[in-house]
1. Go ahead and collect, in residue order, the members of segment 1-28 whose backbone nitrogen is under 20 Å from a label point 7 Å along the Cα-Cβ direction of residue 48.
2. Counting only protein heavy atoms and a 1.4 Å probe, tell me what percentage of the chain's accessible area is made up of carbon and sulfur.
3. Any of 11/63; 11/53; 5/78; 11/78 with alpha carbons more than 18 Å apart? Name them for me.
4. Can you give the accessible area per residue of the chain, in Å², using a 1.4 Å probe?
5. Using a 1.4 Å probe on the protein heavy atoms only, what accessible surface does residue 2 show? Give it in Å² to the nearest 10.
6. Under the 0.36 nm per residue contour assumption, what length would be gained going from the current alpha-carbon distance of residue 65 and residue 29 to full extension?
7. How would 63, 77 rank on accessible area, largest to smallest, probe 1.4 Å?
8. Length gain on complete extension for the stretch residue 80 to residue 38, per 0.36 nm per residue less the alpha carbon to alpha carbon distance?
Amino acid sequence: MIDIKFDELKKQAIAYDGDTTIGECDYEEQGDTWNIVHTSVSDSYQGQGIARKLVECIIENAKRKNKKIVADCWYAKKILNI
């Protein structure tokens with residue numbers, strides 16, 4: 001089972017399959033804004049919606065902390081524009 005964890009200290013959401021890291025979504029904090037700068041998923045796990053879940057995890061946590069969200073990452077931009 002895939003598990004998504006948010007790590008505010010590392011400024012990322014991380015996807016795990018058991019103990020194995022299979023994806024991550026990184027952001028930078030710029031004042032009251034979080035900028036998603038990178039999203040990646042291991043090749044063997046692509047096409048399963050994991051990248052979307054990682055981006056959504058960052059968005060949810062930004063909302064909880066009343067932060068604006070922007071993206072330099074092309075994939076996150078795609079999600080934010082839908």
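The values are calculated or read from the model by the stated rules, or taken from the named source; none is laboratory data. Remember, it's a predicted structure, so these values are computed and weren't measured experimentally. Note that each Cβ is placed from the backbone with ideal geometry, even for glycine, and that neighbours are counted across all protein chains shown. Quick note on the areas: whole protein, heavy atoms, side chains included, nothing else; ligands and nucleic acids left out. Shrake-Rupley method; radii C 1.70, N 1.55, O 1.52, S 1.80 Å.
1. 1-7, 13-26
2. Result for the chain: 46 percent of the exposed heavy-atom area is carbon or sulfur.
3. Values: 11/63 15 Å; 11/53 16 Å; 5/78 22 Å; 11/78 20 Å.
Pairs exceeding 18 Å: 5/78; 11/78.
4. Here the residues of the chain average 63 Å² of exposed surface.
5. Number for this one is 50 Å².
6. 11.8 nm
7. On the way: 63 145, 77 95 Å².
The most accessible residue leads, giving 63, 77.
8. Values: separation 42, 0.36 × 42 = 15.12 nm, distance 1.39 nm.
So the chain would gain 13.7 nm between residue 80 and residue 38.
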